[in-house]
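Participant: For reference, the structure I am asking about is given below.
The values are calculated or read from the model by the stated rules, or taken from the named source; none is laboratory data. Bear in mind the structure is a predicted one, so any value in this text is a computation, not a measurement. Counting neighbours? That spans all protein chains shown, and the Cβs are built from the backbone with ideal geometry, glycine included.
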Amino acid sequence: MDKIYDLLILGSGPAGLAAGIYAERARLDTLVIEKEYVSGGQVVNTYEVDNYPGLPGINGFDMGMKFREHADKLGVNFVTDKAERVEKLEENGRPIYRVVCENDAYTAKSLIIATGAVHRKLGVPGEEELAGMGVSYCATCDGAFFRNKDVAVVGGGDVAIEDAVFLARGCRKVYVIHRRDELRGAKSLQEKLLSLPNVEMLWSTVVEKIEGDGQVSGLTVKSVKTGEVSALPLQGVFIAVGITPNSGMFEGLAEMDHGYIVADETGKTSAPGIFAAGDVRTKALRQIVTAVADGANAVTSVERYLAG
């Protein structure tokens, strides 16, 4: 059989990196499997992080690099490979897990699933066809391409508000399209957004279609109250309507709730030896600071499990 690690950590966002740091300090024989060549997860695409204690206003990419540098300094073991499935095996009456990846397979006595989540799509005509041609899911990645242009942000949570505030710095006009008549984001963020002169709120409105031939030229929008349909000419649309957990390969292995792996603050799942941390697990608040805490908690649970 292949080498059997104490722990495999799937994912290298804040939860996975924190878990790697704690696992190395606990002297567990650990391997972090990351599918991207740059560590940090979603945070690397964040323009500014202003709510992480001690690092106000840090650039998201820089934060991801700081986390990775810390892990490297401690000697955390990384491999870049794309996990495809997990096989449950057995050794001496206890389960062990084999993670089959694109290039190799890795086996361990325990797993921490820190695979994060991906942006949810609207599912409207034109979205797939115009992705990357005016349709974006990352304002901080693509906002610079729309300087002095008219754009829309679809959504009403913290991410949508942050995206709109960011885009308003360089865009001529920013429409915020929300299906309800009030935002869901933090009050401080709402106040900042609503104070901006080049932001216009389109309340109780949904996108019916993204228009354009090779490039976004506008939206067809509909009022959910009156049913009235209208055209909104613009050059870009940023979609911020939530996330979908990266949990498909764990279906049937651990209990899930709407795709999220069911786990409490300890990270324990319904499967012995499998723990979940970060955006992929069931939790009330998905932030960098809670992902980092998850990573630490999960490793503590792994230590107890292996000792038991």
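Participant: Output the residues belonging to the stretch 127-166 that are surrounded by fewer than 21 Cβ atoms within 10 Å (Cβ to Cβ) and on the phi > 0 side of the Ramachandran plot.
Facilitator: 132, 148
Participant: Still on this structure, I have one more. Checking residue 73 against (1) without any contact (Cβ under 8 Å) to a residue 40 or more places away in the chain; (2) part of a strand (DSSP E or B), which single condition isn't satisfied?
Facilitator: (2)
Participant: Also, I was wondering about something else. Across the stretch 214-265, what is the total count of residues that are within 30 Å of residue 114 (Cα to Cα) and among the small types (Gly, Ala, Ser)? Don't jump to the end; show me each part of the working.
Facilitator: Within the stretch 214-265, the subset within 30 Å of residue 114 (Cα to Cα) is 237-265.
Remaining after also requiring among the small types (Gly, Ala, Ser): 240, 242, 247-248, 252, 254, 259, 263.
The total comes to 8.
Participant: Among the listed residues 98, 120, 169, which satisfies the condition of being out of contact with any strand residue (DSSP E or B) (no Cβ under 9 Å at 6 or more places or on another chain) and either of a type in the set (A, V, I, L, M, F, W, C) or surrounded by fewer than 20 Cβ atoms within 10 Å (Cβ to Cβ) (or both)?
Facilitator: That would be 169, the only listed residue that is out of contact with any strand residue (DSSP E or B) (no Cβ under 9 Å at 6 or more places or on another chain) and either of a type in the set (A, V, I, L, M, F, W, C) or surrounded by fewer than 20 Cβ atoms within 10 Å (Cβ to Cβ) (or both).
Participant: Out of (1) more than 19 Å from residue 45 (Cα to Cα); (2) in contact (Cβ under 8 Å) with a residue 40 or more places away in the chain; (3) of a type in the set (A, V, I, L, M), what's the single condition that is false for residue 118?
Facilitator: (1)
Participant: Evaluate the stretch 254-266: report whether one residue or more is in a loop (DSSP other than H, G, I, E, B), in the same structural domain as residue 161 (by TED's automatic domain parsing) and among the acidic types (Asp, Glu). Spell out the reasoning first.
Facilitator: First, pick out the residues of the stretch 254-266 that are in a loop (DSSP other than H, G, I, E, B): 254-255, 258-259, 262-266.
Applying the additional criterion that residues be in the same structural domain as residue 161 (by TED's automatic domain parsing) yields none.
No; the residues of the stretch 254-266 include none that is in a loop (DSSP other than H, G, I, E, B), in the same structural domain as residue 161 (by TED's automatic domain parsing) and among the acidic types (Asp, Glu).
Participant: Against the conditions (1) touching a Lys or Arg at 6+ places or on another chain (Cβ under 8 Å); (2) of a type in the set (A, V, I, L, M, F, W, C); (3) part of a helix (DSSP H, G or I); (4) within 17 Å of residue 306 (Cβ to Cβ), where does residue 89 fall short? Just the number, please.
Facilitator: Exception for residue 89: condition (3).
Participant: Let me ask something else. Return yes or no: is residue 192 over 21 Å from residue 219 (Cα atoms), more than 21 Å from the chain's Cα centre (by Cα) and assigned by TED's automatic domain parsing to the domain that holds residue 231? Let's see the steps before the verdict.
Facilitator: Values: over 21 Å from residue 219 (Cα atoms): yes; more than 21 Å from the chain's Cα centre (by Cα): yes; assigned by TED's automatic domain parsing to the domain that holds residue 231: yes.
Considered against the rule, which asks whether it is over 21 Å from residue 219 (Cα atoms), more than 21 Å from the chain's Cα centre (by Cα) and assigned by TED's automatic domain parsing to the domain that holds residue 231, residue 192 comes out as yes.
Participant: Okay, next question. If a residue must be surrounded by 17 or more Cβ atoms within 10 Å (Cβ to Cβ), hydrophobic (A, V, I, L, M, F, W, C) and in contact with a Ser or Thr (Cβ under 8 Å, 6 or more places away or on another chain), how many such residues does the stretch 211-233 contain?
Facilitator: Residues flagged as surrounded by 17 or more Cβ atoms within 10 Å (Cβ to Cβ), hydrophobic (A, V, I, L, M, F, W, C) and in contact with a Ser or Thr (Cβ under 8 Å, 6 or more places away or on another chain) within the stretch 211-233 amount to 2.
Participant: Moving on. Looking at the stretch 46-59, can you tell me whether even one residue there is over 30 Å from residue 189 (Cα atoms) and either of a type outside the set (Ser, Thr, Tyr) or at pLDDT below 95 (or both)?
Facilitator: Step one: list which residues in the stretch 46-59 are over 30 Å from residue 189 (Cα atoms), which gives none.
No, every residue in the stretch 46-59 fails to be over 30 Å from residue 189 (Cα atoms) and either of a type outside the set (Ser, Thr, Tyr) or at pLDDT below 95 (or both).
Participant: Quick one: residue 145 ticks every box in (1) free of Cβ contacts under 8 Å to residues at least 60 places away in the same chain; (2) in the same structural domain as residue 221 (by TED's automatic domain parsing) except a single one, so which number is it?
Facilitator: Failing condition for residue 145: (1).
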